[in-house]
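Heads up: the structure comes next, in structure tokens.
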Amino acid sequence: MNTLIDRIRTLLEQLDTVSHWLAPLALRLILAKEFWDAGIEKWHGENWFIEIQDQFPWPFNMIPPEVSWQLATVFEIIGPLALVLGLGTRFFALSLTILTLVAIAAVHAGHGYTISEGGWKLPLIYLVMLLPLILSGPGRLSLDHWLRRRFLQVQRRLWS
């Protein structure tokens, strides 16, 4: 019985170790694909923000629709690239969270969709997926993690 418990404990410890590498990477890659697709669609599409600008929450409704369109497009293209690399992950995860909240307010809620009708389901899933990246960071398989380790090494050398 102890052997089985030891094996289970070892397996769980190995999963804990791997999870710090793979779980945040999986979140980053899935989110990057979704936001990249939206950004490329905006890049090649026409600005439909003009039609819904009045539904944007404050202060976003104060920004001209052309500027809002450009900002959304840029953040939906650069943000996914940063997520894939794990560079500036918390900043871009927060930026994409704000973008998603504005989309919920202006597009999904503006058309009377409810979560049960599927109108908010995907944006809500994005928000839940972005939250661990904001709170816990990009994980060990990221440039953010590598840069942090390098910075701490340099800092230790300077203070030694």
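Quick note: the coordinates plus some simple rules give every number you see, no bench work behind them. Everything numeric here is computed off the predicted structure, so don't read it as measured data. For neighbour counting, all protein chains shown are included, and Cβ atoms are generated from backbone atoms with ideal geometry for every residue, glycine included.
Here are the numbers:
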| read-out | value |
| --- | --- |
| Estimated [θ] at 222 nm from DSSP helical runs (n ≥ 4, -39500 (n - 2.57)) normalised by residues in the chain, nearest 500 | -25000 deg cm²/dmol |
| Cut-off of 10 Å, at most 16 other beta carbons, DSSP loop: longest stretch of the chain lacking such chymotrypsin sites (Phe, Trp or Tyr not before Pro) | 49-112 |
| Alpha carbon Rg of the chain, scaled by the compact-globule rule 2.2 N^0.38 Å | 1.32 |
| Cα-centre dipole for the range 29-87 with unit charges at Cβ (Lys and Arg positive, Asp and Glu negative), debye to 20 | 240 debye |
| Residue among TRP36, ALA105, PHE151 farthest towards the positive dipole end of the chain, charges placed on Cβ | PHE151 |
